[in-house]
Every structure is written in structure tokens, then in C-alpha cells.
Amino acid sequence: MVKIYGIPNCDTVRKAIKWLETNAIEHEFIDYRKNPLAKSEIESWDKAIGWETLLNKRSTAWKPLESSVKDNINRDVAIELMLEKVTLIKRPVLVKGKDVYLGFKPEMYQDIFV
């Protein structure tokens, strides 16, 4: 089964879920605010797509971080930050088997599921 991670009030997450429903793709939505992620999950996503891709530097949670943190960001710090503040994770994260995809575009999902 496909798993889609995000927060329910995110427009992009809603569009992705609607696409999955419209195309009769069985899926499980995981709201990572209500169901905290395990460090191993973020580490597996990092391995698949890279922490630099996963980290949302346009997030409202990124802006108030100290410059010293932002200027010295690395994999370990980024993973800890994403565990503490899940809105620092770009969304949605789609997990299909061992494959991890980030974001939503209808064409991308079409390619994944066809």
C-alpha cells in the first residue's frame, strides 16, 4: 500500500490525496503532526532523496531559526530539526514500496502509478 505523509491543511497534500482517490489508488495518509515520525523514517527518506531536498527552507518554521543553525546546517542537524518541527519537511512525502517521492504534480503521480 502507498503511504502519503503530510499535514491535512496543506493544499498540496490535499491535491495529492484527491488525485490518489480519483485514480482509485489505495493509500494511507499519515498526518505527521498527530503521528510523530521515527528518526529511522526520516533517515530512510534522506537515503532515498537527500536531506537537502527534504528540508523546506521556505517553511515558516525555518525563518525564525538562529542564523548560526541555518548557516551550519548539515545532515544530522537537519534530521533532528525535521523531527522537532515536522513542518520543515517538504510535503507530501509519498512512499511506494522502497521508493520515496516528494511533492505533487499530476504528471509525476501518473508516471509513478502507470
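Any read-out appearing in this document is the output of simple, stated calculations on the displayed coordinates, not a laboratory observation. Since this is a predicted model, take the numbers as computed values, not measurements. Here the Cβ is made from the backbone with ideal geometry for all residues, glycine too, and neighbour counts use every protein chain on show.
Each distinct pair of alpha carbons in the chain adds a 1/r term; the inverse of their mean, the Kirkwood radius, is 14.6 Å. Taking a straight Cα-Cα cut-off under 21 Å and skipping sequence neighbours fewer than 8 places away in the same chain, the lysines within cross-link reach of Lys15 are Lys3, Lys34, Lys90, Lys96, Lys105.
Report, to two decimal places, the Cα Rg of region 45-99 normalised by 2.2 N^0.38 Å (N = number of residues).
Values: Rg = 11.4 Å, N = 55, 2.2 N^0.38 = 10.1 Å.
With N residues counted in region 45-99, Rg over 2.2 N^0.38 Å equals 1.13.
Amide H contacts of Val2 (H built 1.01 Å from N, in plane; Pro and chain starts excluded): Glu28 sit under 5 Å, all sequence-distant by 5 or more or on other chains.
Filter the trypsin sites (Lys or Arg not before Pro) in region 1-69 down to the DSSP loop ones having no more than 10 other Cβ atoms within 10 Å, then list what survives.
Values: sites: Lys3, Arg14, Lys15, Lys18, Arg33, Lys34, Lys39, Lys47, Lys57, Arg58; in loops: Arg33, Lys34, Lys57, Arg58.
The qualifying sites are Lys34, Arg58.
From the helices alone, meaning DSSP H stretches of at least four residues, give me the mean residue ellipticity at 222 nm for the chain, per-run term -39500 (n - 2.57), in deg cm²/dmol to the nearest 500. Present the calculation step by step, with values, prior to reporting the outcome.
Working: 6 runs with 50 residues, N = 114.
The per-residue figure over the chain is -12000 deg cm²/dmol.
Find me the longest stretch of the chain that has none of the exposed GluC sites (Glu not before Pro), where exposed means in a DSSP loop (not H, G, I, E or B) with at most 13 other Cβ atoms within 10 Å. Longest site-free region, per DSSP loop and neighbour criteria: 67-114.
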